[in-house]
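The next block holds one structure in the form of structure tokens; read it before the comments.
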Amino acid sequence: MRVLSGIQPTGRFHWGNYFGAIRQYIALQHEGDALYFIANLHALTTVRDAAQLQQNGLDAAIDLLALGLDPNRATLFLQSDVPEVSELCWILMSGASFGLLERCHAYKDKVARGVKPGVGLFTYPVLMAADILAYDSNVVPVGEDQVQHIEVTRDLASSFNHQYGETLLLPTARLVSDAARVPGTDGQKMSKSYRNTLDIFADAKVQRKEIMGIQTDSRPMEQPKDPDTDHLFQLYSLFASNSDRDAMAARYWAGGFGYGDIKKSIADLSGDYFAEARAHRNEIAAAPQKVHEILQDGASRARAKASEVLLRVKNACGLRTLSPKS
Ligand code: ADP
Ligand code: TRP
């Protein structure tokens, strides 16, 4: 089984990225042949500062390694280091209908929020399809927001196969949903776009302040509260043991407690939770050349597979003068 996923280097990773994506990627590296890439071509649609994009790519690699991605098990690389993907993207784009992309929620939501769409944003799902199809990926772990893009990938692959014969392997999405929606400091979904994130590798003191400043509701302290509707409780639950979680839930139901305690616990528990990764990160960041080598090695392994698939595709659709057998 080949597992593949990508994550955009648009800023520092936050708790939502970790519990909603990265943690599962890392767990899956033990289940099969795993390929993970840093989607810097996708990020190019939004990060338009060269030094920033370069730094983000390096930070993303260091973060993933620090969080447990093992380069001896999984292949880690930068998306832009595999040019075959961009070539495949064009081939797929040539057969993609406008309507298929116009129906994508991620695109529609951005436009609805007032983003002026560029061509890159519109064709984003085709590049994602090329990412997936270039490696004959079987399973693609993604958050809920990306499931539709896997459907688009399947559509593009099956229409290619229909036109040219069986060439591309249809992947399946694996929803990584046990922490489907991590709330941010304002109670909305945690997201860079909402500026409500708690970052995995933030400075501990600064982060403690941010946690103590999380918005809370204004119900009186005496009033019992339903823990499951409270974002502080949801954040606490990310880090607490089951028994601590149950005990905290009981305090909510009983009422009469302030939010300061739970905020303090979130700061303590999250600090402990990421302490090892934090230490590991410092070591990795001290040797950027090693990170570079890991990415280069990952890219050459990824390219070997992608060039094989691309050759199959080019033979199938008439982009080579010699027939497949000659
Ligand atoms: P952001 O919304 O901060 O820009 P991305 O869209 O780059 O984050 O998300 C990268 C991955 O992290 C995706 O797989 C997404 O599903 C997951 N993710 C992002 N935010 C959350 C969240 N608040 N809860 C759960 N998963 C999340
Ligand atoms: N679009 C994904 C996101 O924003 C990142 C991504 C790019 C990806 N290419 C992919 C995910 C291929 C899975 C497979 O989260």
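Return the only residue of Asp145, Asp131, Asp109, Asp155 being within 10 Å of ligand 2 (Cβ to nearest atom) and either loosely packed, with under 15 Cβ neighbours inside 10 Å or more than 19 Å from Gly6 (Cα to Cα) (or both).
Only one candidate passes the filter, namely Asp145.
Answer yes or no: is there a residue in the stretch 225-238 that is modelled with pLDDT of 95 or more and surrounded by fewer than 13 Cβ atoms within 10 Å (Cβ to Cβ).
Within the stretch 225-238, none of the residues are modelled with pLDDT of 95 or more and surrounded by fewer than 13 Cβ atoms within 10 Å (Cβ to Cβ).
Do the conditions hold for Val115, that is, is it surrounded by fewer than 19 Cβ atoms within 10 Å (Cβ to Cβ), in contact with a Pro (Cβ under 8 Å, 6 or more places away or on another chain) and over 29 Å from Glu31 (Cβ atoms)?
No; evaluated as a whole, the condition is false for this residue.
Of the residues Thr153, Thr167, Thr172, only one is touching a Pro at 6+ places or on another chain (Cβ under 7 Å), under 30 Å from Arg312 (Cα atoms), of a type in the set (Ser, Thr, Tyr) and assigned by TED's automatic domain parsing to the domain that holds His105; which?
It is Thr153.
Based on this model, can you work out whether Thr153 counts as β-branched (Val, Ile, Thr) and more than 23 Å from Gly11 (Cβ to Cβ)?
Yes.
Could you name every one of the helices (runs of 4 or more DSSP H) located completely within the stretch 1-78 that has at least 2 residues being within 15 Å of ligand 2 (Cβ to nearest atom), under 30 Å from Pro117 (Cα atoms) and of a type in the set (Gly, Ala, Ser)?
Per the criteria, 50-66.
Evaluate the following for Gly271: is it within 30 Å of Leu169 (Cβ to Cβ), out of contact with any strand residue (DSSP E or B) (no Cβ under 9 Å at 6 or more places or on another chain) and at pLDDT 95 or above?
Answer is no for this residue.
Among the residues in the stretch 33-56, are any within 15 Å of the chain's Cα centre (by Cα) and without any contact (Cβ under 8 Å) to a residue 12 or more places away in the chain?
no
Can you work out which of the residues in the stretch 63-90 that are surrounded by 19 or more Cβ atoms within 10 Å (Cβ to Cβ) and either among the β-branched types (Val, Ile, Thr) or without any contact (Cβ under 8 Å) to a residue 24 or more places away in the chain (or both) is nearest to Ile7 (Cα to Cα)?
Across the stretch 63-90, the extreme among qualifying residues is Thr75.
Please give the number of the condition Gln289 fails out of (1) under 27 Å from Asp81 (Cα atoms); (2) in contact (Cβ under 8 Å) with a residue 12 or more places away in the chain; (3) not basic (Lys, Arg).
Among (1) under 27 Å from Asp81 (Cα atoms); (2) in contact (Cβ under 8 Å) with a residue 12 or more places away in the chain; (3) not basic (Lys, Arg), Gln289 violates only (2).
In the list Ala27, Ala50, Ala39, which residue meets the criterion of being within 17 Å of Asp131 (Cβ to Cβ), assigned by TED's automatic domain parsing to the domain that holds Thr167 and not basic (Lys, Arg)?
Ala39
Which of the residues belonging to the stretch 127-152 are part of a helix (DSSP H, G or I) and under 19 Å from Ala302 (Cα atoms)?
Leu127, Met128, Ala129, Ala130, Asp131, Ile132, Leu133
Residue by residue through the stretch 1-29, note down the ones that are touching a Lys or Arg at 6+ places or on another chain (Cβ under 7 Å) and more than 9 Å from ligand 1 (Cβ to nearest atom).
The one that is touching a Lys or Arg at 6+ places or on another chain (Cβ under 7 Å) and more than 9 Å from ligand 1 (Cβ to nearest atom): Gln29.
Could you give every pair whose Cβ atoms fall below 9 Å, whose first residue belongs to the stretch 158-175 and is at pLDDT 95 or above, and whose second residue is exposed (fewer than 14 other Cβ atoms within 10 Å of the Cβ) and not charged (D, E, K, R), counting only separations of at least 6 or pairs across chains?
Ser159/Ser97; Tyr164/Gly318; Leu168/Ser158; Leu170/Ser158
Kindly indicate whether Ser193 is among the hydroxyl-bearing types (Ser, Thr, Tyr), assigned by TED's automatic domain parsing to the domain that holds Glu308 and in a helix (DSSP H, G or I).
For Ser193, the condition - among the hydroxyl-bearing types (Ser, Thr, Tyr), assigned by TED's automatic domain parsing to the domain that holds Glu308 and in a helix (DSSP H, G or I) - is not met.
The values are calculated or read from the model by the stated rules, or taken from the named source; none is laboratory data. Computed from a prediction, not measured in an experiment: that's the story for all the values here. Neighbour counts run over all protein chains shown; Cβ positions are idealised from the backbone, glycine included.
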